[in-house]
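S.K.: Before I ask anything, here is the structure I am working with.
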Amino acid sequence: MLSNLLNFSGGPGALPASVLEQTQRAISALPDTGLSILGTSHRSDWFKALLQEAQDNIRGLLQVPDRYHILFLQGGSSLQFSMIPMNFAAAATAPAEFVASGYWSRKAIGEAAAVVSARTVWDGEAEGYRRLPAWSSLQRSAHAPFFHYISNETVEGLQFTGAPESIGVPLIADMSSDFLSRRFGIGDYAMVYAHAQKNLGPAGVTLALIDDAMLSRIPGGLPPMLDYRTHVEHGSNYNTPPVFSIYVLNLVSRWLRDEIGGVDAMEQINLRKAATLYAALERQPEMFEIHADPGSRSSMNVAFRFRQPHWHEPFLEHAREAGFSGLEGHRSIGGLRASLYNAVSESAVQQLADLVDDFARRHG
Ligand SMILES: *Cc1c(COP(=O)(O)O)cnc(C)c1O
């Protein structure tokens, strides 16, 4: 039997047990209203209060200043790949700039290039996306309408440690797979976005934090659903929002605040989890290869593979029998991947490290 406690899926990711329990009750009837969350109107006062609480919790967890709008959008992070250039680069005279650090940034660049002019300032493809560039090594233009990067490459397991230095260009980051996993200075960014299904909740809602100053750059004539101002003006309640997803996201934000103790505490836990698993893999250098170079390794997604591919299936089989799931690598690079999202406990990661040790002892 697979176990929720040993779910290392790359996404949708694991959710905390207490959140799953509350969600189960809410599907029957919300304690506050007696109605199922699935049949609760987005025009109800209850839902308006929920939207407000979810925003307040995110604001509190990351100390987000009032000048940032916090939006709940649909279409996943993928829709942001084209919405961002449509809103912020349509009238630009210089290309929008991007770092191509892996699978997801390639997608972001491809989709932006379909609507505006896009320039890749660094591309890790020739090296197989095993490392990230030093920010100081990039040749960026001060005229770009924005600079976009992916803070954590979910597939290859690469994570930037901090934001690039400002050259006066609006900075936009896709933090889908590491949002709320560690503290960051929102003040460096014009916009940050993250869909819920890796660290924040179920699929269906995408969080966007946008500096109010960016709204004046949006051209007229966009379809309303694709214009950020629509969602700002309607408080993320323009058309029917994903009520259920926002409900669960809010439970996760409470869990992070009340049970974990906030983002700093979460970051310490996440660093210990990553150290535990990387150390187990590094104890077996003959058997395992870690995809990312040491300086670029992600604390959220650990991508690795057997040096001898014939161990791949037996390992997965053994892991499944022991209750683990989600350890298959992304289809684009194969191998294995353990995603150590916030809801994956230290105990679960220790059990995975033990599994790795044990497998190596028996077959190494
Ligand atoms: C998973 C992922 C996406 C894709 O998100 P969707 O919500 O499926 O569109 C985008 N960016 C990153 C960094 C991801 O990890």
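The values are calculated or read from the model by the stated rules, or taken from the named source; none is laboratory data. The structure presented is a predicted model; accordingly, all values stated were derived computationally and were not measured. All Cβ positions, even for glycine, are placed from backbone atoms using ideal geometry, and neighbour counts span all protein chains on display. Ligands, DNA and RNA are excluded from the accessible area calculation, which covers all protein heavy atoms including side chains. Shrake-Rupley method; radii C 1.70, N 1.55, O 1.52, S 1.80 Å.
S.K.: Kindly indicate whether residue 313 is open to solvent by 30 Å² or more (accessible area, probe 1.4 Å), in a helix (DSSP H, G or I) and more than 28 Å from residue 132 (Cα to Cα).
M.R.: Numbers: open to solvent by 30 Å² or more (accessible area, probe 1.4 Å): yes; in a helix (DSSP H, G or I): yes; more than 28 Å from residue 132 (Cα to Cα): yes.
Taking the combined requirement at face value, the residue satisfies it.
S.K.: When region 251-262 is examined, which residues are found to be crowded, with 20+ Cβ neighbours inside 10 Å and either among the hydrophobic types (A, V, I, L, M, F, W, C) or touching a Gly at 6+ places or on another chain (Cβ under 8 Å) (or both)?
M.R.: Here is the first cut: in region 251-262, the residues crowded, with 20+ Cβ neighbours inside 10 Å are 251-253, 256.
Within region 251-262, 251, 252, 256 meet the criteria.
S.K.: Open to solvent by 60 Å² or more (accessible area, probe 1.4 Å) and farther than 30 Å from residue 169 by Cα: is that true of residue 38 in this structure?
M.R.: Against the criterion (open to solvent by 60 Å² or more (accessible area, probe 1.4 Å) and farther than 30 Å from residue 169 by Cα), residue 38 qualifies.
S.K.: Please specify each residue of region 56-86 satisfying the condition of being surrounded by 13 or more Cβ atoms within 10 Å (Cβ to Cβ), without any contact (Cβ under 8 Å) to a residue 40 or more places away in the chain and more than 16 Å from the ligand (Cβ to nearest atom).
M.R.: 56, 59 - these are the residues of region 56-86 that are surrounded by 13 or more Cβ atoms within 10 Å (Cβ to Cβ), without any contact (Cβ under 8 Å) to a residue 40 or more places away in the chain and more than 16 Å from the ligand (Cβ to nearest atom).
Each row is one residue, and each column tells you yes or no for (1) away from the ligand (no atom under 16 Å from the Cβ); (2) part of a strand (DSSP E or B).
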| site | (1), (2) |
| --- | --- |
| 105 | no, no |
| 112 | no, no |
| 142 | yes, no |
| 173 | no, yes |
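Yes/no matrix, rows are residues, columns are (1) free of Cβ contacts under 8 Å to residues at least 24 places away in the same chain; (2) assigned by TED's automatic domain parsing to the domain that holds residue 53; (3) in a loop (DSSP other than H, G, I, E, B):
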| position | (1), (2), (3) |
| --- | --- |
| 254 | no, yes, no |
| 271 | no, no, no |
| 292 | no, no, yes |
| 320 | no, no, no |
| 332 | no, no, yes |
| 343 | no, no, yes |
| 351 | no, no, no |
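Let's see how each residue does on (1) of a type outside the set (Phe, Trp, Tyr); (2) within 16 Å of residue 296 (Cα to Cα):
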site	(1), (2)
149	no, yes
152	yes, yes
163	yes, yes
174	yes, no
191	yes, no
200	yes, no
205	yes, no
218	yes, no
228	no, no
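S.K.: Now, a different point. Look through 120, 206 and report the one residue that is assigned by TED's automatic domain parsing to the domain that holds residue 67, touching a helix residue (DSSP H, G or I) at 6+ places or on another chain (Cβ under 9 Å) and crowded, with 18+ Cβ neighbours inside 10 Å. Full working, then the answer.
M.R.: Details: 120 fails: crowded, with 18+ Cβ neighbours inside 10 Å.
Unique residue meeting the criteria: 206.
S.K.: On to the next question. When you go through 180, 138 one by one, which is the residue that is closer than 28 Å to residue 337 by Cβ, buried (at least 19 other Cβ atoms within 10 Å of the Cβ) and more than 13 Å from the ligand (Cβ to nearest atom)? If you could, list the steps in order and put the result at the bottom.
M.R.: On the way: 138 fails: buried (at least 19 other Cβ atoms within 10 Å of the Cβ).
Going through 180, 138 in turn, just one is closer than 28 Å to residue 337 by Cβ, buried (at least 19 other Cβ atoms within 10 Å of the Cβ) and more than 13 Å from the ligand (Cβ to nearest atom): 180.
S.K.: Look at region 141-155 and say how many of its residues are open to solvent by 50 Å² or more (accessible area, probe 1.4 Å) and either touching a strand residue (DSSP E or B) at 6+ places or on another chain (Cβ under 8 Å) or at pLDDT below 95 (or both).
M.R.: So the answer is 0.
S.K.: Would you please name the residue that is nearest to the chain's Cα centre (by Cα), looking only at residues in region 222-247 that are of a type in the set (A, V, I, L, M, F, W, C) and under 22 Å from residue 56 (Cβ atoms)?
M.R.: 246
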